[in-house]
Each structure stands twice: as C-alpha cells, then as structure tokens.
Amino acid sequence: MRVLDELAKRVAFRCSAPSCKTVTIGPSDSRVGRVTNVGVGAHITAAAKGGPRYNENLSREQRAAYDNGVWLCGNHAKLIDDNEDRFPEKLLKAWKRNAERNARLQVAQAAVSTTRTLIINHEVTIFEGDSNRQVLEFFEDIGAVEAWGQEVYDSALMLTYELAINAFSHGRAEAVHLKTHRGCLYMNYRGSAFGPSDLEHAGGQGGAAALASFKEQCNGSMELTYRHRDGINELTLVDLNRNLNHKHPCALRLTKNTVTDDAFNSVLGCTEIHIYVDSGRIFAFSDARQLIRRLIVNLPDHCYVFHNVSKNPGLRRYIAEQLPKVRFVPS
C-alpha cells in the first residue's frame with residue numbers, strides 16, 4: 001500500500017500515459033471513505049513468470065518495489081499488458097519520468113497552465129501495409145501532442161506518414177525505423193536517395209502537399225532535415241523551440257565561433273547544413289567571414305540555415321552576399 005500511495009501521489013493521481021493524463025481519484029457519495037479511485041499501480045515488468053515484460057533477474061522484493069511500478073488509469077493498465085510488444089519496459093519507465101516531471105512543474109500552478117515537455121524517447125520499426133496504425137500509435141506513445149501542441153502535431157503526423165509511404169513506394173524500403181531522442185524525431189531506412197526536394201518535384205502529389213503544409217504550419221517551430229549516406233536515408237524533424245536541437249545529423253554547432261574539421265565530415269550527405277550560433281556569444285562580421293570561407297572549402301554548393309544569428313540586417317546581408325543559398329531561422 002505504501003508503494004501504491006507513492007506511485008499515485010508522485011503523479012498527482014493522473015494516468016502516466018502521455019496521451020491520457022486522466023485524473024484517477026475523486027469524490028464518492030456511497031463508498032465508506034467517500035472517495036473513488038480508478039487508478040492502478042501497474043507492474044512495469046511482470047510480478048510473476050509468464051506475465052508481460054517479465055524480468056527473471058529481479059527478486060520478489062524488486063518486482064514489488066516502487067521502481068517497478070507505474071501509475072495508470074484502468075484502461076491503460078489493461079492496454080499495456082495486452083500489448084507488451086508496443087509497450088516495452090523502456091517506454092513505460094520514460095512515461096513514468098515524464099509524468100512525475102509534469103506533476104512537479106504543476107504543483108501550486110493555476111489549473112489552466114500547461115506544461116510542455118520533450119517528446120518521450122522511444123523507437124519502433126514499421127512495415128508496409130500497417131504503417132498508418134503504427135505511425136499513429138508511435139505519435140501517441142511519445143506524447144507528441146503534449147510536447148508540440150495540436151497544430152504542430154497534426155502537421156508532423158501527416159508529414160511523417162507521407163514520408164513513410166514514400167519510403168516504401170519510392171525508396172523501396174523493406175522497413176522504416178522511427179526514433180525520438182532529445183526533442184528530435186528521426187526516420188531512417190535503407191534505399192536509394194529520395195529527399196524533400198525530390199518529394200517537392202514529384203508533381204504535387206500527396207507527399208509534396210504534406211511537405212508544403214508542414215512548412216507553412218510549422219515555420220519557426222519545426223524543421224525537416226535530410227541526409228543520404230552509406231545507402232541510408234535519414235530524415236529528421238527538429239523541434240526549434242528546444243535548446244537541444246543542435247544534435248541532429250545535419251547540425252553544425254559553433255564552439256567559440258569556430259567549427260572543428262570532424263564536424264564538417266559529420267554532415268556530409270546533408271542537403272541543408274544547419275548552423276547553430278551560441279546565443280551566449282557575439283557572432284560578428286569577422287566570425288562570419290571566417291566561417292563562410294571554411295564552408296565554401298569544406299561544404300561547397302550547399303544550402304545553409306543559420307540559427308540564432310543576430311537580426312542585424314547588415315550582418316545578415318553580408319552572409320547572404322557570400323552564401324546565396326542561405327536562410328535565417330527566426331530565433
């Protein structure tokens with residue numbers, strides 16, 4: 001009972017499933033304690049052999065401990081046990097951490113306040129024929145609505161599904177891997193090169209329309225990057241509202257206003273190079289001149305996207321004069 005009480009209270013009696021957050025406790029006019037509780041302290045790994053996600057390396061005490069529990073509504077407690085392939089141990093532990101973080105941030109806050117969190121780290125492999133259901137479940141399980149908001153979620157979901165369709169049809173992919181990490185959503189699959197520019201030139205069909213809608217709806221809040229290297233297509237949805245997005249495959253982060261040679265090699269195969277300027281430093285004309293010279297030598301004829309660069313019109317014009325294929329992301 002002590003463990004159940006702790007599990008429930010540390011998430012404010014809300015279901016830990018990011019797409020749910022149902023309040024699981026409330027008043028009752030007929031029960032002796034005058035309270036009804038529809039929540040469940042569910043095992044992350046099964047309490048007994050043969051159960052979902054059973055871990056034979058745990059002792060009996062460890063299976064009954066706080067670390068092996070997650071607070072859920074009755075519906076999700078049933079759902080995770082009936083679909084253990086969809087809900088692995090790692091994902092449920094991520095749900096638990098996310099729910100406790102939300103509860104901590106919401107203590108003593110107004111009821112109307114919302115807490116935006118990073119998407120939950122998770123990964124799945126999807127296959128042709130069932131990609132619609134699998135993509136939808138993936139977005140639900142990572143808490144995409146809660147992290148991005150409804151408008152961005154709708155556009156990102158639509159684009160991801162269209163990219164998966166194109167991976168199977170144009171890229172001849174056997175499977176597509178989806179992964180979320182540090183605020184970014186990664187899609188990769190083995191196949192011939194087929195990136196966003198190819199999608200845009202495909203005659204304005206569904207995928208091209210989805211990409212155009214994504215750019216319109218998510219301008220300034222999310223970017224799509226693309227790289228093809230070693231036979232692998234890598235597409236990444238980058239959440240621009242987070243301070244961790246310089247980790248994606250097509251990012252160059254300036255350290256003391258310079259870039260290492262290894263960093264240039266890491267972005268080979270990218271159609272656009274995203275350059276992240278440290279907001280805590282002055283990035284001036286001399287810094288821009290030095291960087292531009294190295295970009296032209298190491299990564300010629302690319303498109304360049306600058307993040308966090310000063311809005312000084314003279315500096316931006318100076319960069320654009322030397323890098324014709326450049327754009328600046330609002331910061």
Next item on the list: Mind putting a number on the dipole of the stretch 107-224 about its Cα centre? Charges go on the C-beta only, +1 for Lys and Arg and -1 for Asp and Glu, and I need it in Debye to the nearest 20.
Entry: 260 debye
Margin query: Output wanted: per-residue J couplings in Hz (rounded whole) for the stretch 266-274, from phi through Karplus 6.51 cos²θ - 1.76 cosθ + 1.60, θ = phi - 60°, x for Gly and Pro.
Written below: 5, 9, 4, x, 7, 7, 10, 9, 9
Next item on the list: Quick one: which residues, 5+ away or cross-chain, put their amide H under 5 Å from the amide H of Leu252? H built at 1.01 Å from N.
Entry: His274, Ile275, Tyr276
Item checked: For Cα extents along the principal axes in Å, calculated from these coordinates, the label among [x] 74, 51, 41; [y] 76, 46, 39; [z] 60, 44, 37 -> [y]
Margin query: How large is the translational diffusion coefficient of the stretch 1-122 in µm² per second when you combine the Kirkwood radius over alpha carbon pairs with Stokes-Einstein at 37 °C and 0.692 mPa s?
Written below: 216 µm²/s
Checklist line | Per DSSP, loop trypsin sites (Lys or Arg not before Pro) in the stretch 40-110 with at most 12 further Cβ within 10 Å | finding: Lys49
Notebook entry, point to check: With no solvent and one point per C-alpha, what does the Debye sum give as log10 I(q)/I(0) for the stretch 275-331 at q = 0.15, 0.17, 0.18 Å⁻¹?
Noted result: -0.38, -0.49, -0.55
Checklist line | Dipole magnitude of the stretch 27-99, debye to nearest 20 (Cβ charges: Lys/Arg +1, Asp/Glu -1, about Cα centre) | finding: 160 debye
Check: Which entries of Lys90/Lys247; Lys21/Lys179; Lys9/Lys93; Lys93/Lys256 show an alpha-carbon separation above 28 angstrom in the structure shown?
Finding: Lys93/Lys256
Checklist line | Debye log10 I(q)/I(0) at q = 0.14, 0.16, 0.24 Å⁻¹ for the stretch 232-331, Cα point scatterers | finding: -0.48, -0.64, -1.59
Next item on the list: Select from the stretch 197-260 those trypsin sites (Lys or Arg not before Pro) which occupy a DSSP coil region and have at most 14 other Cβ atoms within 10 Å, ordered by residue number.
Entry: Lys256
Check: In Å, what Rg and Dmax follow from the Cα atoms of the stretch 74-145?
Finding: 14.3, 47
Next item on the list: Pop a pseudo-label 7 angstrom from the Cα along the beta-carbon direction at both Val32 and Asn83 and give the gap in nm to one decimal.
Entry: 3.8 nm
Margin query: Treating only the Cβ of Lys, Arg, Asp and Glu as charged (+1, +1, -1, -1), what charge dipole size does the chain show about its Cα centre? Round to the nearest 20 debye.
Written below: 1220 debye
Next item on the list: Please figure out what share of the DSSP beta bridges in the chain is antiparallel and state it in percent, rounded to the nearest 5.
Entry: 75 percent
Checklist line | Hz values of 3J(HN,Hα) by residue in the stretch 229-237 - Karplus curve (6.51, -1.76, 1.60), Gly and Pro given as x | finding: 8, 6, x, 10, 8, 10, 10, 10, 8
Margin query: Can you list residues from other chains, or at least 5 along the same chain, whose modelled amide H is less than 5 Å from the amide H of Tyr54?
Written below: Ala46
Next item on the list: Tabulate in residue order the Karplus-calculated ³J(HN,Hα) for the stretch 188-194, using 6.51 cos²θ - 1.76 cosθ + 1.60 with θ = phi - 60°, rounded to whole Hz; enter x for Gly and Pro.
Entry: 9, 7, 7, x, 5, 4, 7
Item checked: Length added when fully stretched, Ala320-Glu100, from 0.36 nm per residue minus Cα-Cα -> 74.6 nm
Check: Can you give the angle from 0 to 90° between the axis of helix 313-322 and the longest principal axis of the chain, with both taken from C-alpha atoms, to the nearest 10?
Finding: 70 degrees
Next item on the list: Would you mind telling me the share, in percent, of accessible area of the chain contributed by carbon and sulfur at probe 1.4 angstrom?
Entry: 49 percent
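Whats the longest run of the chain with zero GluC sites (Glu not before Pro) that are DSSP loop and have at most 16 other Cβ atoms within 10 Å? Mind showing how you got there, number by number?
Details: sites that count: Glu56, Glu84, Glu128, Glu174.
Excluding the exposed sites themselves, the longest stretch runs over 175-331.
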Notebook entry, point to check: What accessible area per residue comes out for the chain, rounded to a whole number of Å², with a 1.4 Å probe?
Noted result: 53 Å²
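The values are calculated or read from the model by the stated rules, or taken from the named source; none is laboratory data. If you're wondering where the values come from, they're calculated on a predicted model, not measured in any experiment. Glycine gets a Cβ as well: all are built from the backbone with ideal geometry, and neighbour counts include every protein chain shown. Keep in mind that these areas ignore ligands, DNA and RNA; they rest on the heavy atoms of the full protein, side chains included. Shrake-Rupley method; radii C 1.70, N 1.55, O 1.52, S 1.80 Å.
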